[in-house]
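K.L.:
Here you go, one structure.
The values are calculated or read from the model by the stated rules, or taken from the named source; none is laboratory data. This is a predicted model, so every value here is computed, not measured. Cβ placement follows ideal geometry from the backbone for every residue including glycine, while neighbour counts extend to all protein chains displayed.
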Amino acid sequence: MLGFITVLVYVIKNRVLRTLITFLLFFFIGVSSVYINDYRNYDSFYDHHLKENSIVILQIHSILKPGNYYHKYEAKVLKVDDKKTIGTVLVNIKKDSTSIPLKVDSKLLLKPILKEVIPPLNPHQFNYKSYLAKQGIHHELFSENGQFLHLNSQRTTLLGLSAKFRNQIQESLHKYNFKKNELSVISALLLGQRQDISKELIKDYQRAGAVHILAVSGLHVGVILLILAFIFKPIERLKYGKFLKTIIIVLLLWMFAFIAGLSASVVRAVTMFTFLAIGMSFKRKNVVEFSFISSMFFLLLIKPMFLFDVGFQLSYSAVFGILWTQPKIYDIWKPRFKIFDFFWQLVTVSIAAQIGILPLSIYYFQQFPGLFLASNLVIIPFLGAILIGGVLVISLSLLNILPQFLADFYGMIISSMNTFISWVSHQEEFLFKEISVSFQLMLCWYVVIFLGIYFLLHKTSIKLIYFFISIALLQSVFLLESNKNKSKEEIIVFHKSRFSMIGKRIGERLLLQHNIDSLRFLKENSIKSYKIAESITEIKETNFKNVISFSNKDILLIDSLGIYQISGMNAPIVLMQYSPKINMTRLIKKIEPSQIIVDGSNYKSDAIRWENICIRNNVPFHYTGIKGAYILKN
């Protein structure tokens, strides 16, 4: 099929028809790539062979940031019973005093109970299930030490070799008395390992608009590419020097990717800059832009789900912004002195990158760090030196010849960077938080930015008209969404283990009944996420007592006392709270409810028992601990 369409592209001469067929070709290429990369479409997928007491052999593929109670890993399913299988699962090993974290390439034999990853139980929260599914992970398992056997692994994978080398580096660095935050940032900057960074430090970098510095990504690889291009520039004087220089740079970039763990973000960045390095060697018009687009197409062909990866979207948006807008911003002012020119280039690159990612970053993170320019201007000029210094420190530490004063000096630089970032992050007046942007509005912003810059590049009347039309479109979408929010009404029963939270949304106000203490409530993410995403301007605590009337429906609240009034109610919705000691069968016969809702304040055993009774009596049942928050819309 693809071959036939490809032939048509070359045979047909009509430009319009040829364009349509080309679009059709790329569509089928995309569909085919998604199908091929989805392991569930193959007979060897592990889930097709799992039985109740199946014995499974897993191999640890990567180590994730541990949780409060579990060590977390991604593992490949090598065998189910005696059949070779494919697929990846999330492995959770319970922490205890005797547990030793597993290593990459470790093989485990166990009888697992695979569970589907639980989706978010409240609206507008991070969907970890969807995130893992896009990486090809659909199940997770929980285990403890003693519930699995370690198998001898004779073969070492490339990822295993990379992990061993990284561990060797980290062990060598531990000898030189780096502080905890210093060592964790060094590991993040140079080894791509963010597991040991504290939540507070990551939050500081996020609020300062500099979190990209902690993730080995396009920024680091781009800086390394520029450094390598400068170092190996003399090779260009040789015969075939440009070709030789490009090969050396590409090999060194992939060596860095190997050291950094060959994670998806690192491989993406190195692939993108490999194409750009090759493109830069040709010195032809638009070849860099062509290389940039080719790298994106190549990556999506190999891993089509990258398209939905936030890191992929932000990386390519930033580079697109730099390639497209930075030269024009730079042309606004031509500094006469080199030092001013250097910093002006940094300013224009930071602004161009921010233009590329601004709508996306607000859409995903609901905040905008106003001091991003300050933090980037201070850190990025020295990032090259920090990376080179880090490589030097690591090399000398591996050889056991690193002078302590040099380790102390490098640690002081990292500490100074952390201190500066912490100071920037605490300038609250420059951090714009809780900004809600819908997907449609985010797309409209990109249209406005694109057409606005397009007009500045080609100042014609028709381009100005397009720009004004895009602004009108943006305003129309904003007004439509604003009016929709103001007229929206709903009842929402949030899920919160051991607590009860019921809200009545009226336009931009939320009336909320809950039994959470004030300090814990201020940190309640489910309410915060709902407030931001739904543009709620006011949250008012209330007491609904026994009954909530909403849209000609009555919602009867039955708490731990088990007392309920039924006068004047016709087939009410019943909400069970705090595990009341009642006879559910009798309640159903007496008031004939249209639905039973059980929130997180009830014992799970009671919820299961009530669900069985409701099934026998054909009464719809909703337990927020499994189905998530209950939402009743007008």
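K.L.:
Which residue out of Glu144, Glu200, Glu182, Glu171 is surrounded by 14 or more Cβ atoms within 10 Å (Cβ to Cβ) and either out of contact with any Cys (no Cβ under 6 Å at 6 or more places or on another chain) or not small (Gly, Ala, Ser) (or both)?
P.N.:
Being surrounded by 14 or more Cβ atoms within 10 Å (Cβ to Cβ) and either out of contact with any Cys (no Cβ under 6 Å at 6 or more places or on another chain) or not small (Gly, Ala, Ser) (or both) holds for just one of Glu144, Glu200, Glu182, Glu171, which is Glu182.
K.L.:
Same structure again: Looking only at the stretch 102-125, how many residues end up being under 30 Å from Leu632 (Cβ atoms) and either in contact with a Phe, Trp or Tyr (Cβ under 7 Å, 6 or more places away or on another chain) or surrounded by 14 or more Cβ atoms within 10 Å (Cβ to Cβ) (or both)?
P.N.:
Within the stretch 102-125, residues that are under 30 Å from Leu632 (Cβ atoms) and either in contact with a Phe, Trp or Tyr (Cβ under 7 Å, 6 or more places away or on another chain) or surrounded by 14 or more Cβ atoms within 10 Å (Cβ to Cβ) (or both) number 7.
K.L.:
Here is a further query. Among (1) closer than 26 Å to Tyr363 by Cα; (2) touching a residue at least 24 places away in the same chain (Cβ under 8 Å); (3) more than 29 Å from the chain's Cα centre (by Cα), where does Gln513 come up short?
P.N.:
(1)
For (1) under 28 Å from Gln404 (Cβ atoms); (2) buried (at least 19 other Cβ atoms within 10 Å of the Cβ), each residue gets a yes or a no:
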{"position": "Ile100", "(1), (2)": "no, no"}
{"position": "Asn127", "(1), (2)": "no, no"}
{"position": "Leu149", "(1), (2)": "no, no"}
{"position": "Lys164", "(1), (2)": "yes, no"}
{"position": "Lys175", "(1), (2)": "yes, no"}
{"position": "Ala188", "(1), (2)": "yes, yes"}
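K.L.:
Shifting gears a bit: Pick from the stretch 591-620 the residues that are surrounded by 19 or more Cβ atoms within 10 Å (Cβ to Cβ) and more than 17 Å from Asn570 (Cα to Cα): which of them is nearest to the chain's Cα centre (by Cα)?
P.N.:
By that ranking, first place goes to Gly600.
K.L.:
OK, next. Assess whether Ile249 counts as being assigned to a helix (DSSP H, G or I) and surrounded by 20 or more Cβ atoms within 10 Å (Cβ to Cβ).
P.N.:
Yes.
K.L.:
List, please: which pairs have Cβ atoms under 9 Å, are six or more places apart or on different chains, and start with a residue in the stretch 432-458 that is within 20 Å of Ile329 (Cα to Cα) and end with one that is of a type in the set (Lys, Arg) and surrounded by fewer than 14 Cβ atoms within 10 Å (Cβ to Cβ)?
P.N.:
Matching pairs, first to second residue: Ile453/Lys328; Leu456/Lys328; Leu457/Lys328.
K.L.:
Now for a separate question. Filter the stretch 423-442 down to the residues that are assigned to a helix (DSSP H, G or I) and either within 14 Å of Asp204 (Cβ to Cβ) or not aliphatic (A, V, I, L, M) (or both) and list them by number.
P.N.:
Listed by number, the residues that qualify are Trp423, Val424, Ser425, Glu428, Glu429, Phe430, Phe439, Gln440.
Residue-wise test of (1) over 28 Å from the mean Cα position of the chain (by Cα); (2) buried (at least 18 other Cβ atoms within 10 Å of the Cβ); (3) modelled with pLDDT of 85 or more.
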position: Phe368; (1), (2), (3): no, no, no
position: Leu373; (1), (2), (3): no, no, no
position: Asn376; (1), (2), (3): no, yes, no
position: Gly384; (1), (2), (3): no, no, no
position: Ser397; (1), (2), (3): yes, yes, yes
position: Pro403; (1), (2), (3): yes, no, yes
position: Leu451; (1), (2), (3): yes, yes, yes
position: Lys463; (1), (2), (3): yes, no, yes
position: Ser470; (1), (2), (3): yes, yes, yes
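K.L.:
Tell me, please, whether a residue that is under 23 Å from Ile388 (Cα atoms) and not in a helix (DSSP H, G or I) can be found in the stretch 281-294.
P.N.:
There is no residue in the stretch 281-294 that is under 23 Å from Ile388 (Cα atoms) and not in a helix (DSSP H, G or I).
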